[in-house]
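**Student:** Can you read through this structure? Questions will come right after.
The values are calculated or read from the model by the stated rules, or taken from the named source; none is laboratory data. Please read these numbers as outputs of a predicted model, since none were measured by experiment. Neighbour counts run over all protein chains shown; Cβ positions are idealised from the backbone, glycine included.
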Amino acid sequence: MRPLVFTVALEATAPSLHDNTGDIDRLKKAVSAAGGIAVQIPLRRMGPIAANFRQAGFRGVAVINDLPAGAVLVDFLAEQPSVLPAMALDLGTTHLEASLINLLDGRVLASGNRENSQIEFGADILTRIHYAGKGNGLRRLHEAVVGAINGLAADLADKAGEKREHIRALSVSGNTTMVHLLLQLDPYHLCREPYIPLVNAPDPFAAAEIGLALHGAAPVWVMPSIGSYFGGDLISGIVASGLDQQEETCMLIDVGTNAEVVVGNREWLIACAGAAGPALEGGVARMGMRAGPGAIEHVEIDPLTLELRCRTIDGGKARGICGSGIIDLVACLYLARIIDIRGKFRPERCPERFVDTPQGAGFVVVAAEEAANGEPVVLGQVDLDAMMRSKAAMYSILTTLINQVGLEFADLHRIYVAGAFGRHIDPRRAITLGMLPDLPLTTFQPVGNSSLAGAELALLDRGDRERCLGLINKITYLELNVNQEFMIRFSGSRFIPHTDTSLFPSVPVFD
């Protein structure tokens, strides 16, 4: 196990008339003797390092960046520090989530999140790609996200009692477009056939090169991607879940802006991605929101009395509804026969809960007087239609992928479900909708923010960094944009639970 930045304690013989070895050469020899490591020292760091080495009496601690091209000695300290902070970042389309890690022992020193400032220029990836092609658009998008990362780094450092400029390294896990915008690389071809990134595996670089205000010698390690729609965030998920080391065949599902899915084991992996996420992460429903305070995450409707109960993530009054809440709600509406198999409202079942909206009928989940901001939480037919498309796309992605390898869902040992989708979702409700396959609930295992977890592992272990790079050549990527089977399956999945109800034996079927 070797972190991205590590230390080597050493003691060198002081110079004398009988030993005129240069200070930097002396230091290199001492590192080699103490740690068995051959190091390089950049010219710009030689002066400060030599001064520190001599001032410390030629004994202390060498600080080394472990890079693919070799070990690079970047600093010298008189004493072993108690903390060597580094930042792991989940570079999301809408939000950034990060943790500050002590590279000396792996402890999480602080964690936090903030909005991705690029939202000012477009809420979704496609809008940002188009904006990047206009005038100074790419530079503005780059500066916006760098500013947000610098702000988040300052927040974490403050929480941990450190300074931002003491952060020694950054690992980044994000989708392919977000990485291109962070690095100020033209994303033009990402959304145009044949959907080719400018780069899949950027080499590590100095944080200062892109304007990050971290330690002057801090390296940035970016998770590699497979293609335009298969980014480093999914590579992170594979490493964090251990999917690539499993003897049994398993599946990983990560739903965010896209639904990204991987099937395989330690011998083989196949993956695909498709647009099934926006309605699930609050990007489509008018009252939709990300999982957070005030978000409805769980709904119950008594099928006989039609009494509705809901729970928010923080237990407070509702402000909106997140993806797991929408899944719960729509499944309950179906089981209570308030919507039909096409996902259309049946207002006659409980007319008192329906209101007219500019977009048509709306179902009142929480009345205005019971909501946090005095505005009712309402699910409209437009929102419901978006949910039906998302659930159909989700199941179609899963079935298309599993069919490519000649397996049945029952052949899967485990299904890892990542992100807020996995953290809050009730698999039973997703099965009712026909979003997830009808399998025993023990098959499904939430793995939290696997994108961030993978970035943390990359900071802490050279072996995991090598695993990430090795996965590029191990994964077969299926492009759904040109897959006819997916479109056929999508049409059959736009009913609850499915046009073929035999696929969902545990879900009741109504006339």
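**Student:** If we scan the stretch 487-508, do we find a residue that is within 25 Å of residue 268 (Cβ to Cβ), among the β-branched types (Val, Ile, Thr) and in a helix (DSSP H, G or I)?
**Tutor:** no
**Student:** Can you pull out the residues in the stretch 81-135 that are among the hydroxyl-bearing types (Ser, Thr, Tyr) and outside any helix (DSSP H, G or I)?
**Tutor:** 82, 93, 94, 99, 111
**Student:** Restricting attention to the stretch 55-73, does a residue exist that is in contact (Cβ under 8 Å) with a residue 60 or more places away in the chain and under 23 Å from the mean Cα position of the chain (by Cα)?
**Tutor:** no
**Student:** So, restricting to strands (runs of 3 or more DSSP E) that lie completely within the stretch 329-398, which ones have at least 3 residues that are in contact (Cβ under 8 Å) with a residue 24 or more places away in the chain?
**Tutor:** Strands (runs of 3 or more DSSP E) meeting the threshold: 360-366, 377-380.
**Student:** Quick one: which residue in 385, 356 is more than 29 Å from residue 260 (Cα to Cα) and of a type in the set (Asp, Glu)?
**Tutor:** So the residue among 385, 356 that is more than 29 Å from residue 260 (Cα to Cα) and of a type in the set (Asp, Glu) is 356.
**Student:** Working carefully through the options 208, 201, 213, find the one that is surrounded by fewer than 22 Cβ atoms within 10 Å (Cβ to Cβ), under 21 Å from residue 140 (Cα atoms) and touching a residue at least 40 places away in the same chain (Cβ under 8 Å).
**Tutor:** After applying the criteria, what remains is 213.
**Student:** Residues in the stretch 477-485: is at least one in contact with a helix residue (DSSP H, G or I) (Cβ under 9 Å, 6 or more places away or on another chain), polar (S, T, N, Q) and farther than 24 Å from residue 89 by Cβ?
**Tutor:** Taking every residue of the stretch 477-485 in turn, at least one turns out to be in contact with a helix residue (DSSP H, G or I) (Cβ under 9 Å, 6 or more places away or on another chain), polar (S, T, N, Q) and farther than 24 Å from residue 89 by Cβ.
**Student:** Can you tell me which residue among 405, 365 is over 21 Å from residue 445 (Cβ atoms) and either assigned by TED's automatic domain parsing to the domain that holds residue 312 or modelled with pLDDT of 85 or more (or both)?
**Tutor:** Result of the check over 405, 365: 365.
**Student:** Another question, if that's okay. Could you tell me which residue of the stretch 94-124 is farthest from residue 66 (Cα to Cα), considering only residues that are surrounded by fewer than 23 Cβ atoms within 10 Å (Cβ to Cβ) and of a type in the set (Val, Ile, Thr)?
**Tutor:** If we take residues in the stretch 94-124 being surrounded by fewer than 23 Cβ atoms within 10 Å (Cβ to Cβ) and of a type in the set (Val, Ile, Thr), then 119 is farthest from residue 66 (Cα to Cα).
**Student:** Okay, moving on. Is there a residue being surrounded by 20 or more Cβ atoms within 10 Å (Cβ to Cβ) and under 17 Å from residue 289 (Cα atoms) anywhere in the stretch 396-408?
**Tutor:** no
**Student:** Let me ask something additional. Which of the residues spanning the stretch 321-359 are on the phi > 0 side of the Ramachandran plot and under 35 Å from the mean Cα position of the chain (by Cα)?
**Tutor:** Scanning the stretch 321-359 gives a single hit, 343.
**Student:** Can you tell me which residue is farthest from residue 340 (Cα to Cα) among those in the stretch 411-451 that are small (Gly, Ala, Ser) and touching a Leu at 6+ places or on another chain (Cβ under 7 Å)?
**Tutor:** It comes out as 418.
Matching residues to (1) without any contact (Cβ under 8 Å) to a residue 40 or more places away in the chain; (2) of a type in the set (Gly, Ala, Ser):
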residue	(1), (2)
79	yes, no
86	no, yes
96	no, no
125	no, no
128	no, no
136	yes, no
145	no, no
161	yes, yes
166	no, no
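**Student:** Right, another one. Filtering the stretch 434-472 down to residues that are aliphatic (A, V, I, L, M) and either part of a loop (DSSP other than H, G, I, E, B) or free of Cβ contacts under 8 Å to residues at least 12 places away in the same chain (or both), which residue is surrounded by the most Cβ atoms within 10 Å (Cβ to Cβ)?
**Tutor:** Selected residue: 435.
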